[in-house]
1. Could you work out the relative contact order of segment 57-196, using alpha carbon pairs under 8 angstrom and six or more residues apart, expressed as a whole percent?
2. Using the eigenvalues of the Cα gyration tensor, what equivalent ellipsoid semi-axes result for segment 114-155 when each is taken as the square root of five times the eigenvalue, whole Å, largest first?
3. Could you give the length gained on full extension between D309 and A12, defined as 0.36 nm per residue of separation minus the Cα-Cα distance, in nm?
4. Average projected area of the Cα convex hull of segment 27-98, in nm²?
5. Helix 304-320 versus the longest principal axis of the chain: what angle, 0 to 90°, nearest 10, using Cα atoms?
6. May I ask you to give the solvent-accessible area per residue for the chain, in square angstrom, as obtained with a 1.4 angstrom probe?
7. Pairs on different chains or at least eight residues apart, Cα atoms closer than 29 Å: how many lysine pairs in the chain fit?
8. Going toward the positive end of the dipole of segment 201-262, with +1 on Lys and Arg Cβ and -1 on Asp and Glu Cβ, which of V217, F233, P202 do you reach last?
Amino acid sequence: MSRSALVGNVTAMLEDAGFVVSDRCAIRPKSFDIAARRSEDLILVKILANIDAFNEATGHEMRRLGTYLQATPLVIGLRSRDEDLKPDVVYFRHGVPVFSPDTAYNLFIESVPPLIYAAPGGLYVNIDGDLLADEREDRDWSLGQLASELGVSRRTVSKYEDGMNASVEVAMALEELFEAPLTSPVDVLDGADEVHESEATPDDPEADPDDEQVVAVLTRAGYRVHPTVRSPFTAVSEDEDDSDVVLTGHSKFTKAAEKRARIMSSIGNVTRTRSIYVVDRAKRESVDGTALVERDELAQLRNADELRDVIRERSEREEAA
């Protein structure tokens, strides 16, 4: 299957699941392909035939964007090396959850979350430690007795009851012994933090020298500006007073810039953010809701309120036109 067809299939699946999906980020470089929202669940999705193409820089960018936009970064892919991704298994690459289209279908369409995750050493599941302890005590078994049944140490059983996860084989043995489900699903939409201890959000990259003036103006107006390097926009800007988030672009106004502005608008509709594109000269006020602001004009804005007014007025005028 071509990557384009795979992106189309995943997009259709998410729409069938009730997600509003952005336009595809058909530009390079790009950290994610689509943004999608269902109620309060917002995901940024990278779609790959081979997940080995997902590198550290892209993973770091997706995790940063997930923090700024309050979204879950995900990778949906078919295989790693020459092996297909196993169904209903969550993998991790550079701190980002990864799974197959079949797993995504079960999660988003069938509302059946995955139970298994891959980690160094094999496949594991979450054990409900409190439930395990209750089942053991109901049978009046000691830690030693259960350990003997499983062929593990007493200390290991104690760790299971304290919340340590178990191999698939041990989990199956436990459920056969007690004839009850003892596992809990991997909460992918919360980043699967309960099974994956990732490092803190990677630091922002340095702003491109060409963008430093724009960054300085936005910072002076009261925004925290987070530069990006692999996104359709050059920065995510957060208003320090009321957490207003603005996707920010900057370049000469060319056909490529117009395309970026349209994609930013589509992403903004899904992520519930505003978008602004700073240009040297503009003959129009906006592109599909992304406000166009000339550099000199931006420098004259005194605070975040004035910038919000400009964005709102220009997008509303375009909608009314």
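1. Contact order relative to length: 23 percent.
2. Details: eigenvalues 110, 40, 9 Å².
The three semi-axes for segment 114-155 are 23, 14, 7 Å.
3. Values: separation 297, 0.36 × 297 = 106.92 nm, distance 3.58 nm.
Value of the extension gain: 103.3 nm.
4. Numbers: hull surface 20.2 nm².
So the mean shadow area of the Cα hull is 5.1 nm².
5. Tilt of helix 304-320: around 80 degrees.
6. On the way: 15640 Å² over 321 residues.
Accessible area per residue, the chain: 49 Å².
7. For the chain, the number of qualifying lysine pairs is 14.
8. F233
The values are calculated or read from the model by the stated rules, or taken from the named source; none is laboratory data. Here the structure is a predicted model, which means the values were calculated and not measured. Neighbour counts run over all protein chains shown; Cβ positions are idealised from the backbone, glycine included. Surface areas here come from the heavy atoms of the whole protein model, side chains and all, with no ligands, DNA or RNA. Shrake-Rupley method; radii C 1.70, N 1.55, O 1.52, S 1.80 Å.
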